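Student: Dropping a structure here in C-alpha cells format, bear with me for questions.
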Amino acid sequence: MSPTDQAVLAPARGVDAEALQKEDMARFRAEVESALDPQAPYLTELEFSMFANGKKIRPRVMLLAARLVAPAGPLPDKVYKGAASLEMLHVATLIHDDVIDEAPLRRGLPSVSAARGTKIAVLVGDLQFVQALRGFAAAVDTERDMALVRRVMDAAFDVCRGELDELDRFLPETSEQRRERYYKTIDRKTAALFRLACQAGIDLAGGRSRDIRRGGFFGRALGRAFQIMDDVRDVVELDALAGKSAGVDLALGRHSLPLLYAYDSLGPDSPVGRAMRGLGAPEGADLEDALDMLRDCGAIDAAYADARREAEDALFYLEPFPPSPFRDALRRIAREVVDRPLNR
Amino acid sequence: MASIQSFVTRLSDAGGPGTLTGSLPMQFSVASAGPFPLAGHVAVAGSDVGGSLMIEYSELEFGPLAVAGVTTGPDDDEGTHEVDVTLGAAQLQGHYELFALESSRVDLDVGGAVQPFPALEALSMDPTGGAGDDPTITEAQYDQIMQANAQKPKLAESPAGQQMLDSYNQYNDAYHDAFKSNALLRQYWSAGGAIAEMSDHTSDALDQGTVVNPADKTFGTSGFTYNMNALQQKFNVWAACVNDNPAAAAAALKFGTAVATTTGNTKTTINPMTGGEVYATVDQAKPAPAANLLAAPEEHPLHAPLLSIVQNSHDDRHLDILANQGMELNDDEVKALQEIYAESLRVKDPAARLPIASGNCAVAVGETVFRFRLTRQPNDTITVKLVQSSLSLDGLDYGAGQWPGEAGDVARERLESAAFLRGIIEDRINSQLTRLVRGLAAQSA
C-alpha cells in the first residue's frame, strides 16, 4: 500500500489537527526553500521576502483541502511540492501585477519592478512561473497525476488571460453582461489559483473525482469572494490599514464590482462612468467625492452582498466532506474573508 | 489663503459658522444598508421551500452629535497635519428586516457527483462518527474510490476519449451552474432514485466486468432502462442550459448522439456493453472533426425540434425527428423538458420575500475618535483624509432572542461574527463626518 493509500485509509481519531497543520506548513516552507535554491543567483532579498511574508492563503487552502481526504499521517511529498509550486505561481502573478500597475510598493516593501527595473521584474516573474510549472511536473508520480499537470497549465493560462481581460476596458451593453464579464475575468485572474489549490490538494492526496470537482467549486467560490472583498476594501479601507491609497481601482479605471454597480446607477457620464470608459480618472478631492458617490448609490452594499453569497456558496461545497477540524478550518477561512473587521 | 493651523483652530472653536460644532447636524443618517446575505438556505415557517437568509437595514441614525474635543499634532515637514476629532457618546439606532428570498434547498451534491446528499453520507469518512470505532472507510468503499479514480486516465488514453473529457471539462461550470440554479432539473435528475441506482450499478459492473447498460434491468421506481434514463437526462441538461449557455447545451446533445453513433445505443435500442467494451469502442473511435466541435449550437440536428418542444410550439414532425434518431419522447418526458426550460427562465425573476422578523436595532457607543490627515496642496487648498476611526458598532442589538426557528438561530450566529457588515455601516458614518470636515476645509480656502 502506497503512502497515499495509507493516508486515505488512516483513522483520524486522536489526531492533533493543529499540530498536523503546523507540520504541513513547515514542510511546505521547506519545499519552497528547496525550489528557490536553483534560482538563488538571480534573486535578491526582496524576492526571498515575498516568499517569506504574506498570509500564504493558497498553500494553506491546498494543504487543508488535502487533509479533507487524508486526515491523518504525513501527506505524500508531492502535496507539499505542489503547494510550494502554487505559491510560486502566485508570487509570479504579484511580480507581473506590479509591473502592469507600475506599483512602487508591495506589502510595504519596494516592488520588484521598482527596485530592479521592469526588465528584470518581468524575467524574475517568468522564472517563478516556469519554476512553478516545473515543480508541479516534478511532483507527480502516477499516470493519474498527469491530468493535474494539464490542470496546472490550464490555471496558469487562465491567470494570464484574466490579467489581459482586466486591462481591456470594454464595457458590455447590459449590466448583466457586464457582471458576467467581471466574473469571467476574476474566475481566471484570481479564482483559478484557489480552484487549483483545492483540486490539486485533494487530487494529490488521493481523493475521489467527485471530491476533486467539488473542491474546485469550493475554491472558485472562495476565490471569487476573496477578489470581490479586495474590490470592496479598495473603496472603504483606510489607507494606513490597507497599505495603499483608497480608490486605486477607480483611479485606474478598473472594472471592479463596486464600480460596475455604480455604473448601473450613476450612468456612463458620471465621474465613475467616465473613469471606467477611460475618459479621465478623478484625482484628489474629486476622487474622494467619487468614492462617496459609490457609498451613496448602494454599489458597496451590492458588491459586498455578492461576496457574502460566494462565501456562503463555499460553505455549501464543504458540506459533503466528512466533518473534521480541517473542514472547520476551511469554513473559518471562507467566513473570515467576508467577516474580517474593517478598519481595525 | 488659509493655513492648516488656522483651519484647525476654527475647527475646534466652540460654535458659529465654519466651526465643526456649528456645522454638525443632530445626527448622521443612513437611509438604508443591504440587503446582505447571511446564509445560503434556511427553513422558513409558512414556506414549503425556505430560502436564502438576508438582513436589511433602514432609517439608521447616529447621534446625538457633539464635539467632545479637537486635538492636534504639530505640522510636519511636508505640510501635513493630523487632527483628532472626538465626538461624544452617541447611539446608533434604526430598523432591520430579517427575511428569506425564496429558493429551494439544493439537496444534490451539485459540485461533486450530482447525487443526493444522503447517498454521500453513506460513503462519508466521518472521523468523529461511530460509537468508538475507528472512523476509517471500508475496504469496499476504498475500492470504489480507486476504481472511480482509474476511469479518467483510461478515457484519456485515446484521442476520442480525451476529446470527451475536454468537452466535459470545458462545460463543467455550465453544467454545475444549471444544476445549482434549476430546482426542476435537480428534481427530475433524482426522481425515483434511478440515477443513484445507476451509479451503484456502474460501479459494480466496472468492478466485475459485467454489462453496464443491461437490457433486462430497470432502475428507480419508474422502471427506466439504463439507456432511457441516461439519454433523457442529457436532454434535461440541454433544456436547462440552452437559454444561458447554448454551447454547453449542444455539447450535452453531441455526447448523446456520439454514444448512439459509436455504440449503437439509443433510448430504445440497447446494445449491452461492458466497461471494457465501452473503452475499446472509444479507443477505436475517431475524434470528432474540428468543424463539428466549432459548429454553432443551433446547427445540431436535434436543436430545432427540441427548442420547439421546450417552448411548447412543437408538432408531431418535431417528435418524429427525435424518434428517427432513437430518441423517442413520451408525454411525461416532454413535460419534464418544458418544466426544466421554464425554470431556467424563471430563476432570473426576483425571488419572493419571506418575512422572518423585523424591529429596531441599537447600540450605544462611547466617545469616538476620528483622526484626519490635513494636507496643504500646492494651490493652497487643504485636503482632508480620514486615517483612523475608533467607531465600533460591535454589540449591535437586535432583540434577537425572539427570532424564530432555524432561521433565527442561524441569523444570530452569523450576525455575531459579521464584523465587516457592521464595518460597512461604520464606514457610512465615518464618511459623513469626513465630508463635513472636508466641506469646512473647502470653505476656509
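The values are calculated or read from the model by the stated rules, or taken from the named source; none is laboratory data. What you see is a predicted model; the values in this text were computed from it and never measured. Glycine also receives a Cβ, built like all others from the backbone with ideal geometry; neighbour counts cover every protein chain displayed. Accessible surface areas use protein heavy atoms only, side chains included; no ligands, DNA or RNA. Shrake-Rupley method; radii C 1.70, N 1.55, O 1.52, S 1.80 Å.
Student: Over the range B:406-445, what percent of the accessible surface lies on carbon and sulfur atoms, probe 1.4 Å?
Tutor: 50
Student: Could you quote the convex hull projected area for the range A:257-321, Cα atoms only and averaged over all directions, in nm²?
Tutor: 5.1
Student: Okay, next question. Let me check the size of the range B:271-376 from its C-alpha atoms; what are the radius of gyration and Dmax in Å?
Tutor: 28.7, 84
Student: A further question follows. On C-alpha positions alone, give me the angle between the axis of helix B:172-181 and the longest principal axis of chain B, in degrees, nearest 10.
Tutor: 70
Student: Do any trypsin sites (Lys or Arg not before Pro) in the range A:32-87 lie in a loop, going by DSSP, with at most 10 other beta-carbon atoms within 10 Å of their beta carbon, and if so which?
Tutor: Those that pass, being in a loop and sparsely packed, are A:Lys55.
Student: When the Kirkwood hydrodynamic radius is evaluated over all pairs of different C-alpha atoms of the protein assembly as shown, what value in angstrom, to one decimal, is obtained?
Tutor: Evaluated over the protein assembly as shown, this radius sits at 29.0 Å.
Student: For chain A, return all DSSP H helices satisfying: extent of Cα atoms along own axis at least 27 Å; mean Kyte-Doolittle hydropathy at least -1.0.
Tutor: A:17-36, A:77-101, A:118-139, A:146-167, A:209-236, A:299-318
Student: Related question: Partner chain Cβ atoms within 10 Å, averaged over the residues of B:415-427 - can you pull that number for me?
Tutor: What the average comes to for B:415-427 is 6.
Student: Could you please tell me the mean projected area of the C-alpha convex hull for the range A:20-71, averaged over all directions and given in square nanometres to one decimal?
Tutor: That works out to 3.9 nm².
Student: Roughly what percent of Cα-Cα pairs across the range A:134-242 reach past 23 Å?
Tutor: Here the tail beyond 23 Å accounts for 39 percent of pairs.
Student: Take the residue pairs B:Lys180/B:Lys335; B:Lys217/B:Lys335; A:Lys78/A:Lys244 and return only those whose Cα atoms are more than 31 Å apart.
Tutor: Those over the limit are A:Lys78/A:Lys244.
Student: Please work out the Cα convex hull volume for the range A:217-334 and give it in Å³ per residue.
Tutor: Hull volume over Cα atoms, normalised by residue count, gives 100 Å³.
Student: Using only the alpha-carbon atoms, what does the range B:230-325 span along each of its principal axes? Please give whole angstrom values in decreasing order.
Tutor: Result for the range B:230-325: principal-axis Cα extents of 42, 29, 19 Å.
Student: Where is the GNM fluctuation largest for chain B (alpha-carbon springs, 10 angstrom cutoff): B:Ala248, B:Ala230, B:Ala352?
Tutor: B:Ala352
Student: Suppose R0 equals 51 Å. What FRET efficiency, 1/(1 + (r/R0)^6) with r the Cβ-Cβ distance, do A:Lys184 and B:Ser6 give to the nearest 0.05?
Tutor: For R0 = 51 Å, the calculated efficiency reads 0.45.
Student: Follow-up question, since we're still on this one. Loop-only check: which GluC sites (Glu not before Pro) in the range A:278-344 are DSSP coil with at most 16 other Cβ within 10 angstrom?
Tutor: Passing both the DSSP loop test and the Cβ count: A:Glu283.
Student: Regarding the range A:77-200, what whole-number volume in Å³ per residue does the convex hull of its Cα atoms give?
Tutor: For the range A:77-200, the hull spanned by Cα atoms encloses 115 Å³ per residue.
Student: How high is the relative contact order of the range A:177-219? Use alpha-carbon pairs under 8 Å, at least six apart in sequence, and give a whole percent.
Tutor: Dividing the mean separation by the residue count of the range A:177-219 yields 41 percent.
Student: Just need the relative contact order of the range A:254-295 here, percent rounded to a whole number, with Cα pairs under 8 Å and 6+ apart.
Tutor: Reported as a whole number, the value is 31 percent.
Student: Rounded to whole Å and ordered largest first, report the semi-axes of the equivalent ellipsoid of the range B:174-259 derived from its Cα gyration tensor (root of 5λ).
Tutor: 25, 15, 11
Student: Would you mind getting me the FRET efficiency between B:Asp315 and B:Ser32? Use the beta-carbon distance for r and R0 = 51 Å, nearest 0.05.
Tutor: 0.50
Student: What's the carbon and sulfur percent of the range B:191-303's accessible surface, probe 1.4 angstrom, rounded to a whole number?
Tutor: Roughly 56 percent of what the probe reaches on the range B:191-303 is carbon or sulfur.
Student: Ignoring ligands, DNA and RNA and using a 1.4 Å probe, state the total buried accessible area between A and B in Å², rounded to the nearest 100.
Tutor: Between A and B, the summed buried area is about 5600 Å².
Student: Another question, then. Quickly estimate the mean residue ellipticity at 222 nm for chain B, helices only: each DSSP H run with n ≥ 4 gives -39500 (n - 2.57), and the total goes over all residues, rounded to 500.
Tutor: After summing the helix terms and dividing by residue count, I get -14000 deg cm²/dmol.
Student: Compute the long axis of helix B:246-263 from its Cα atoms, compare it with the longest principal axis of the Cα atoms of chain B, and write down the angle in degrees, 0 to 90, nearest 10.
Tutor: That helix lies at roughly 20 degrees to the long axis.
Student: Return the equivalent ellipsoid semi-axes of the range A:287-344 as a descending list in whole Å, where each equals the square root of 5 times an eigenvalue of the C-alpha gyration tensor.
Tutor: 32, 13, 5
Student: Calculate, axis by axis, the spread of Cα positions in chain A along the three principal axes, and write the results as whole Å, longest axis first.
Tutor: The principal-axis extents, from largest down, are 66, 46, 37 Å.
Student: Report the far tail of the P(r) of the range A:133-189, meaning the percent of Cα-Cα pairs longer than 18 Å.
Tutor: Value for the range A:133-189: 47 percent of Cα pairs lie more than 18 Å apart.
Student: Which semi-axis lengths, in whole Å and largest first, follow from the square roots of five times the eigenvalues of the Cα gyration tensor of chain B?
Tutor: Taking √(5λ) for each Cα gyration eigenvalue gives 63, 26, 23 Å.
Student: Still on this structure, please answer the following. Partner chain Cβ atoms within 10 Å, averaged over the residues of A:234-241 - can you pull that number for me?
Tutor: Per residue, the average neighbour count from other chains is 4.
Student: Calculate the mean, over all residues of peptide A:103-111, of how many other protein chain Cβ atoms lie within 10 angstrom of the residue's Cβ.
Tutor: 0
Student: Would you work out the relative contact order for chain B, in percent, from Cα pairs under 8 angstrom that are 6 or more residues apart?
Tutor: Relative contact order, chain B: 21 percent.
Student: In what sequence, highest mean first, do B:55-68, A:165-178 appear when ranked by Cβ atoms within 10 angstrom?
Tutor: B:55-68, A:165-178
Student: Over the residues of the range B:373-423, compute the C-alpha Rg and express it relative to 2.2 N^0.38 Å.
Tutor: So the range B:373-423 has a normalised radius of gyration of 2.01.
Student: On to the next question. What number results when the radius of gyration of the range B:46-118, computed over Cα atoms, is divided by 2.2 N^0.38 Å?
Tutor: 2.25
Student: Okay, moving on. First obtain the Kirkwood hydrodynamic radius of the range B:346-445 from its Cα pairs, then insert it into the Stokes-Einstein equation at 37 °C and 0.692 mPa s, and state the resulting D in µm² per second as a whole number.
Tutor: 193
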